[in-house]
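One structure below.
The values are calculated or read from the model by the stated rules, or taken from the named source; none is laboratory data. Note that the coordinates shown come from a computational prediction; the quantities given were computed from them, not determined experimentally. Ideal geometry is used to build each Cβ from the backbone, glycine not excepted, and the neighbour counts take in all protein chains shown. Please note that ligands, DNA and RNA were not included when accessible areas were found on the heavy atoms of the full protein model with its side chains. Shrake-Rupley method; radii C 1.70, N 1.55, O 1.52, S 1.80 Å.
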Amino acid sequence: MDKKVSELLNDQINKELYSAYLYLDMANFYTGKGLDGFANWYEIQAKEEQDHALLIYQYMHNNGEKVTLEAVAKPDKEFNALMDPLTAGLEHEKYVTSLINNIYAAAQEAKDFRTTQFLDWFIKEQGEEEKNSQDLITKMELFGNDPKSLYMLNSELSSRVYSAPSLVL
Ligand code: FEO
């Protein structure tokens, strides 16, 4: 594998684990606020990020690449208002999209089409991640200020269930 592509993929494992940690911190914030549905939504989000890390980890090993696991940074976002994790989540997903695009571009430049094909799933997933984050913000803007509506929204988010990623390596 091209050295730069391999390094970027290795780094992305760390970025995905950080994402998991960041989302767990959001779940942590909502649990503290008594909003178990929001917490559930972000706990599942954290699991999905772990899956993303493991998919890249597995892909690297399947291709004979060495994986180096680095320290995962402390979640560094500060949350005060109920809206804060939602906007931070969207901002973070846009950042992750830029990282995935960057790896994709490097793989394309190296004519590593196996990796571009592998990343196709992530490109699509990022589209969904950004949409989900935006949808949550929209709902919160519409209903977040009314306690009864917030209760309903919290109930809706408590129904989210985890499902394993659709990508099979
Ligand atoms: Fe792994 Fe939310 O992107």
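Computed values, structure above
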quantity	calculated
Dipole magnitude of the range 3-158, debye to nearest 20 (Cβ charges: Lys/Arg +1, Asp/Glu -1, about Cα centre)	260
Residue-wise HN-Hα coupling along the range 51-60, computed from phi with Karplus coefficients 6.51, -1.76, 1.60 (Hz; x: Gly, Pro)	4, 4, 4, 5, 5, 5, 4, 5, 4, 4
Under the Karplus curve 6.51 cos²θ - 1.76 cosθ + 1.60, θ = phi - 60°, whole-Hz ³J(HN,Hα) for the range 145-157, x wherever Gly or Pro sits	8, 10, x, 5, 5, 5, 4, 5, 5, 4, 5, 4, 6
Space enclosed by the convex hull of the alpha-carbon atoms of the chain, per residue, Å³	98
Separation between Cα centres of the range 128-143 and the range 40-77, rounded to whole Å	24
Ranked by how many other beta carbons lie within 10 Å on average, peptides 9-20, 157-168 from highest	9-20, 157-168
Where the range 66-124 is the region considered: accessible area per residue in Å², 1.4 Å probe	61
Ranked packing of 96-107, 57-68, most packed first, by mean Cβ within 10 Å	96-107, 57-68
Relative contact order computed over the chain (Cα-Cα under 8 Å; 6+ residues apart), in percent	32
Residue-wise HN-Hα coupling along the range 87-97, computed from phi with Karplus coefficients 6.51, -1.76, 1.60 (Hz; x: Gly, Pro)	6, 5, x, 5, 4, 5, 5, 5, 5, 4, 4
Helix-only mean residue ellipticity at 222 nm for the chain, each DSSP H run of n ≥ 4 adding -39500 (n - 2.57), per residue, nearest 500	-26500 deg cm²/dmol
